[in-house]
Structures are given as structure tokens and as C-alpha cells.
1. Could you check the simple spin-label distance between residue 12 and residue 59, using points 7 Å along Cα→Cβ, in nm with one decimal?
2. Taking square-rooted eigenvalues a ≥ b ≥ c of the alpha carbon gyration tensor, is the range 1-46 rounded, prolate or oblate, where a/c under 1.5 means rounded and, failing that, a/b exceeding b/c means prolate?
3. How far is helix 2-25 tilted off the main Cα axis of the chain, in degrees rounded to 10, range 0 to 90?
4. Can you pull the one-decimal nm distance between simple spin-label points at residue 122 and residue 30, each 7 Å off the Cα toward Cβ?
5. Would you please classify the overall shape of the chain from the alpha carbon gyration tensor, given that a ≥ b ≥ c denote the square roots of the eigenvalues, rounded means a/c under 1.5, and beyond that prolate means a/b larger than b/c while oblate covers the rest?
6. In degrees from 0 to 90, rounded to the nearest 10, what is the angle of the helix 74-94 Cα long axis to the longest principal axis of the chain?
7. Grab the DSSP H runs of the chain that are 4 residues or longer, score each as -39,500 (n - 2.57), total them, divide by all residues and round the 222 nm result to the nearest 500 deg cm²/dmol.
8. Of 47, 2, 126, how do they rank once you tally other Cβ atoms within 10 Å and put the fewest first?
């Protein structure tokens, strides 16, 4: 039983992180996009790729966060969050923002553990739906 509660707490923690990242950026999408494009101005990534990504990122973070928090399509939510995190890690290394990397690696570690221990996801909407 304790493993189920531990899983829930870890799932909520990572879910709230993604949810919060998306939530605060959604009302200021254009400003966030402009900031992100500015951060990558000296990278080889073209604006044609950066601009759509910068608008999609907060929406994807928000959706992943909601799914993970609720435990609804938990596996898919964790995989979406992992894809987001891997994309951010790639971008972070391109602009040599080494200070941001530890936080992103911690997110990936949490996501990997949650995926590996998915059978402990008992306090979730997924379990209600499967009944």
C-alpha cells in the first residue's frame, strides 16, 4: 500500500510541475514565444521551427500536467512529458544553458521511474475506467 501512495505523490509532483509550467505561460503565449526565440537567436535552429514549438510547448506542458495529475491516460501523459523534457534538454544543450540542465534531467528521472513503476498507479482515473 505504501508504494501506491509513494507513486501517487511522485505522480502529483511531476504533474504539478508540468501543469504549472504550462499554466503560467498560456496567458502570455506571444511574450513567451518572443522570449524563447530570443534565447535561441544564436543557435542554428531556424525561427520557422522555434516559433511553432514555442507556441505548442506551453499547451503540451499543460495537457501533460493535467493527464498526469488526474491519472488519466497516465502512460501517454508521462510519455508526452518525456518527449517535452527531451526536447528541452536538446535545446538547452544547443544554447549551452547548463544551469537549466539539472532540473530537466531530474524531470526525466522522475518520468522514467513513474513509467517503470506504472503498476503502482492505483489512485488514478485510469483504474476507475478499467473497472
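1. About 3.0 nm, to one decimal.
2. Oblate, because a/c is 1.5 or more while a/b does not exceed b/c.
3. Helix 2-25 sits roughly 30 degrees off the main axis of the chain.
4. 5.1
5. Working: a/c = 2.77, a/b = 1.95, b/c = 1.42.
Prolate is the answer for the chain, as a/c is 1.5 or above and a/b outweighs b/c.
6. Value to nearest ten degrees: 30.
7. -26000 deg cm²/dmol
8. 2, 47, 126
Where a number appears in this text, it was derived from the coordinates with a stated rule and is not lab data. All of these numbers come straight from a predicted model, not from anything done at the bench. So basically every Cβ, Gly included, is an ideal-geometry build from the backbone, and we count neighbours across all protein chains shown.
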